[in-house]
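The values are calculated or read from the model by the stated rules, or taken from the named source; none is laboratory data. Please read all numbers here as calculations on a predicted model, not as lab measurements. Here the Cβ positions follow ideal geometry from the backbone for every residue, glycine too, while neighbour counts run over all protein chains shown. To get the accessible areas, we keep the full protein, side chains included, count just its heavy atoms, and leave off ligands, DNA and RNA. Shrake-Rupley method; radii C 1.70, N 1.55, O 1.52, S 1.80 Å.
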Amino acid sequence: MIENTMTDQLVLAAQAARLLAYAPYSGYLVGAAILDSRGNIWTGCNVENISYGVSICAERSAICTMISSGEREICAVAVATRDGGTPCGLCLQTLLEFVRDPQKVQVVTVSDVGEPSVYVLGELIPHGFSSKDLRRT
Ligand code: THU
């Protein structure tokens, strides 16, 4: 688990990233910040498209930035929305791909009002698809 000051920093980074969201169709702005195993913070926001299915979520946008910068291990995530929403299933599965132990990865959600909520990835996606499943056939 990460220290409180790091959680605060991640939350601030997610809130700042949220201001950059491009969400003219849903009006639901999302910012994400990821802490990697080397202490770097990577941010992303949702980027929508007139062809709705082309849109990408904030979390996966942050993951793409992290991976394309050469980092591979996610240690914690913060997500900022207006209502403190948790990451969608696609994003949870994508996060799972790059963590060592889902029970040790904090997922912090923060809304415009009120205190952040702290989860661990393993509780948000307890039965995600993994290499174990692939080997069962
Ligand atoms: N969205 C995210 O960015 N992350 C999530 O985990 C859930 C949803 C975005 C997608 C879309 O642009 C908007 O929120 C409404 O669904």
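Within region 80-111, work out how many residues are closer than 21 Å to ALA16 by Cβ and among the polar types (S, T, N, Q).
5
Please determine whether any residue of region 2-18 is assigned to a strand (DSSP E or B), under 19 Å from LEU95 (Cβ atoms) and open to solvent by 20 Å² or more (accessible area, probe 1.4 Å). Please lay out each step first, then the result.
Keep residues of region 2-18 that are assigned to a strand (DSSP E or B), which gives none.
So far as region 2-18 goes, no, none of its residues is assigned to a strand (DSSP E or B), under 19 Å from LEU95 (Cβ atoms) and open to solvent by 20 Å² or more (accessible area, probe 1.4 Å).
Anything in region 1-27 that is of a type in the set (Val, Ile, Thr) and either within 12 Å of the ligand (Cβ to nearest atom) or touching a residue at least 24 places away in the same chain (Cβ under 8 Å) (or both)? List them, or say none.
Residues of region 1-27 of a type in the set (Val, Ile, Thr): 2, 5, 7, 11.
Passing the criteria: ILE2, THR7, VAL11.
For region 78-137, enumerate the residues that are among the acidic types (Asp, Glu), part of a helix (DSSP H, G or I) and either under 20 Å from CYS64 (Cα atoms) or open to solvent by 70 Å² or more (accessible area, probe 1.4 Å) (or both).
Initial filter on region 78-137 (among the acidic types (Asp, Glu)): 83, 97, 101, 112, 115, 123, 133.
In the following step, the residues that additionally are part of a helix (DSSP H, G or I) were identified as 97, 123, 133.
Once the filter is applied, which keeps residues that are among the acidic types (Asp, Glu), part of a helix (DSSP H, G or I) and either under 20 Å from CYS64 (Cα atoms) or open to solvent by 70 Å² or more (accessible area, probe 1.4 Å) (or both), region 78-137 yields GLU97, GLU123.
Just to verify a result, which residue in region 49-62, among those that are within 8 Å of the ligand (Cβ to nearest atom) and either over 21 Å from VAL110 (Cα atoms) or β-branched (Val, Ile, Thr) (or both), is most open to solvent (accessible area, probe 1.4 Å)?
Top of the filtered list is ILE56.
One residue is enough: does region 28-47 have a residue meeting the conditions among the charged types (D, E, K, R), away from the ligand (no atom under 11 Å from the Cβ) and either open to solvent by 50 Å² or more (accessible area, probe 1.4 Å) or in a helix (DSSP H, G or I) (or both)? Working first, answer last.
Kept after step one, since they are among the charged types (D, E, K, R), are these residues of region 28-47: 36, 38.
Retained after the next criterion (residues that are away from the ligand (no atom under 11 Å from the Cβ)): 36, 38.
Next, only the ones that are either open to solvent by 50 Å² or more (accessible area, probe 1.4 Å) or in a helix (DSSP H, G or I) (or both) stay: 38.
So far as region 28-47 goes, yes, one or more of its residues are among the charged types (D, E, K, R), away from the ligand (no atom under 11 Å from the Cβ) and either open to solvent by 50 Å² or more (accessible area, probe 1.4 Å) or in a helix (DSSP H, G or I) (or both).
Specify which of the listed residues (THR81, THR86, THR65) is more than 19 Å from GLY128 (Cα to Cα), within 16 Å of the ligand (Cβ to nearest atom) and free of Cβ contacts under 8 Å to residues at least 40 places away in the same chain.
Unique residue meeting the criteria: THR65.
Give region 68-77 a look and list any residue that's in a strand (DSSP E or B) and away from the ligand (no atom under 13 Å from the Cβ), or say none.
ILE74, CYS75, ALA76, listed by residue number.
Going by what's in this entry, would LEU10 be described as under 14 Å from the mean Cα position of the chain (by Cα), closer than 17 Å to GLY85 by Cα and not hydroxyl-bearing (Ser, Thr, Tyr)?
Values: under 14 Å from the mean Cα position of the chain (by Cα): yes; closer than 17 Å to GLY85 by Cα: yes; not hydroxyl-bearing (Ser, Thr, Tyr): yes.
Here the answer is yes, as LEU10 does meet what is asked.
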